[in-house]
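One structure below.
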Amino acid sequence: MAISSTDDFQTTIQKSYDKMSELKAFDDTKAGIKGLVDAGITKVPRIFVLPPKDRPKSSDTCETQFIYPVIDLEGISKDPIKHKEIVDKVRDASETWGFFQVVNHGIPVSVLEEMLQGARKFFEQDIEVKNQYYTRDITKKVVHSCNFDLYSPSVPAANWRDTLFCLMAPNPPSPEEFPAACREILIEFSDHIMKLGKSVFELLSKGLGLNPSHLNDIGCAEGLAVLGHYYPACPQPELTMGTSKHSDNGFITVLLQDLIGGLQVLHQNQWVDVPPTPGAIVVNIGDLLQASPLPSSNLYGPITELLSEDNPPKYRSTTVNDHTGYYRKKGLDGTSALKIVLCIESSIYNIVCGPLSSKNIRNSIVYNILAKKMVVSSTDDFQATVQKSYDKMSELKAFDDTKAGVKGLVDAGITKVPQIFILPPKNRPESLGTSEKQFIFPVIDLEGIDEDPIKHKEIVDKVRDASETWGFFQVVNHGIPTSVLEAMLQGTREFFEQDIEVKKQYYTRDITKKVVHTSNFDLYSPSVPAANWRDSLFFSMAPNPPSPEEFPRPCRGILMDYSKHVMELGCSLLGLLSEGLGLDRCHLEDMDCAEGLGVVGHYYPPCPQPELTIGTNKHSDNDFITVLLQDDIGGLQVLHQNQWVDVPPTPGAIVVNIGDLLQASILFHFLIGPLPSSKLYGPIAELLSEDNPPKYCATTVKAFSDYFRKKGLDGTSALLHLKI
């Protein structure tokens, strides 16, 4: 498994090369790199050969004379002025380099030298002795291995490095489980490192303007893992590398170099050598100090005390398990694991009131039906027929260009569902299952809400409880006449059932329009498994509605009346939600949450093969609240306790859905078309505390709406995009 020339990579390395088999053959020896060297190899095995573009070059190393930060901790506990100087140096080095060396740190040089010697003894002992510790079981507390990411597809080549891992805190193994070569010194070294780590955390806390004990108090110093890396002599060092460029997936790394050196750090886009300094220890600010999460299964996120409107959170919360799992999966591929915690920024009627749920919704097809080519005859032929010789994009465009929607297919007399609507089997309703439990869907009676203070408080409590546990509830006696509800349903139905040529004038994908007829706003989204069996009609009713003559004739009159009633109900609901959050009744309305109103009517024509498709994929709404009017056919389901629950149509009732943006406490009006300002909206300051830090980052209406439209109804919440 070797090559003789640095120029033969493409022709030799990749030709007739079963990388996985060679990786496994190497791994099965349990001898590591040291085993290869001991066997007398003279050429680097292919699995370690880096592509030319990834190999280190002399030109990559900085020729500028940077002064690498070295911080002397001498006198830190005796002299307040010296202490402040050290805090400032630690803060500055952490911000500008992310690394620094410390000297006079309190760990005896003899301990450092003995630790290096103990690690060296382990790796240089007989292979059969080391084999007992060689494993890829990450639950073990003592692990000898070569490349934790050996099998990772994102890593270009294995590194020329063996490793010994020992978990030292919070629950270390018994002393006899440690290798004899380094057993005693490992325990002593770890005690010193824990003390130094706590001191560094105190300096970092003060540098951040926090109480000195802050990072220690939240558990940052509870965990300790000691890793020893061994880099055997290499016959062709120009072809491989000891450790690929990476960032550490910890809070801080305290690193002890031997005198051979080789460590480099990236500073101002240049690789800078870190010269070995006798008695010095390198401190590296890890990914998780930037994002601020720590040990255990708890969620950890940005430090609340450091957040402000000018300094919003940049990373979402995570657990050590999740972050470490991702780090191990991606391996040392040259990227930071920190990127995964970055923040970026049926009925017939959905009413988007104000700005719009944490809960997933889906609508099943409830009609038996009819819809020209692009068909599948069997529910079992999906993989073989739907995806074979299937140009999905061309068929989507052909369908869209008709401007007739799903109703046009049905009117054309189709008898099989076109391929673009066919869901993969795992996404079909029957595979998702409907709850057999008899859940009682919350129904809240608003009768007497403004007349009886006791009744008012009861309703506030019910709204709060339903919002927290379900994310949905129905309201009755809400003040909108039944005649208005029925007229709205009828007007919408008449629009969709009129002649196609009349409807075509409103069919568009121009989201700046205030009246839009379309089928699947996310028709071309690559993340959506299939188009939904649904046509839609959208109206922007506030704050700047179109002139009445721009509305379709079948629903022109009722639309104005209905919108007025829904705006009033929306304001009442926002008041109840404000009170339920312990805020002033006008809080959400004062933040302009009731300024915007979008009205969306959905139409689900009869389907010839309802088992193959769905009316609306599972999704969450990208708004503040949704006020939803069902007809008497039903089909609406909500996800509750990981089970799909039917929402029975109730005459005169309206369904209220708590949208993504209320869950994030990001309050703004939702519009499609000209969107309000570039103002950032974020978690409500009055609800934040140390025990209740922000869980979502600030965003603008435009940024959030653009993301929602781009991802489409792919079964995930757009709110995940904002999680920090």
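See the values below:
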quantity	calculated
Normalised contact order of segment 391-502, rounded percent, pairs of Cα under 8 Å and 6 or more residues apart	25 percent
Debye intensity ratio I(q)/I(0), log10, segment 90-152, q values 0.14 Å⁻¹ (C-alpha model)	-0.73
FRET efficiency for Y524 and E451, using Cβ-Cβ distance with R0 set to 45 Å, rounded to 0.05	0.30
Spacing of the two label points (7 Å from each Cα toward its C-beta) at V103 and N211, in nm	3.6 nm
Solvent exposure of segment 398-549 as accessible area per residue, Å², 1.4 Å probe	46 Å²
Range of Cα positions in segment 177-252 per principal axis (Å), largest first	52, 32, 15
Percent accessible area from carbon and sulfur atoms, segment 600-665, protein chains only, probe 1.4 Å	49 percent
Above-threshold pairs, the threshold being 25 Å between Cα atoms, out of K514/K723; K504/K618; K43/K141; K618/K723	K514/K723; K504/K618; K43/K141
I500/Q268 FRET efficiency (R0 45 Å; Cβ-Cβ; nearest 0.05)	0.15
P(r), alpha carbons of segment 581-661 - 5 Å bins starting at zero, rounded %	3, 10, 17, 23, 18, 14, 9, 3, 2, 1, 0
Segment 460-550: C-alpha gyration tensor shape, a/c 1.5 cut-off, then a/b vs b/c	oblate
Packing-based order for 449-460, 576-587, 79-90, using average beta carbon neighbours within 10 Å, highest first	576-587, 79-90, 449-460
Anisotropy class of segment 129-222 from Cα gyration tensor, a/c 1.5 cut	oblate
Segment 50-145: C-alpha gyration tensor shape, a/c 1.5 cut-off, then a/b vs b/c	oblate
Separation in nanometres of the label points that stand 7 Å from Cα toward Cβ, at D584 and M560	3.5 nm
Distance from segment 549-593 to segment 463-502 (C-alpha centre basis), Å	13 Å
Label-to-label distance, nm, for residues given as E486 and D88 (7 Å Cα→Cβ offset)	7.9 nm
Value of relative contact order over segment 468-595, rounded to a whole percent, pairs C-alpha under 8 Å and six or more apart	23 percent
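The values are calculated or read from the model by the stated rules, or taken from the named source; none is laboratory data. Since the structure is predicted, the reported quantities are computational estimates derived from the model, not experimental observations. Positions of Cβ are backbone-derived with ideal geometry, glycine not excepted, and every protein chain shown enters the neighbour counts. Surface accessibility is based on the protein's heavy atoms, side chains included, excluding ligands, DNA and RNA. Shrake-Rupley method; radii C 1.70, N 1.55, O 1.52, S 1.80 Å.
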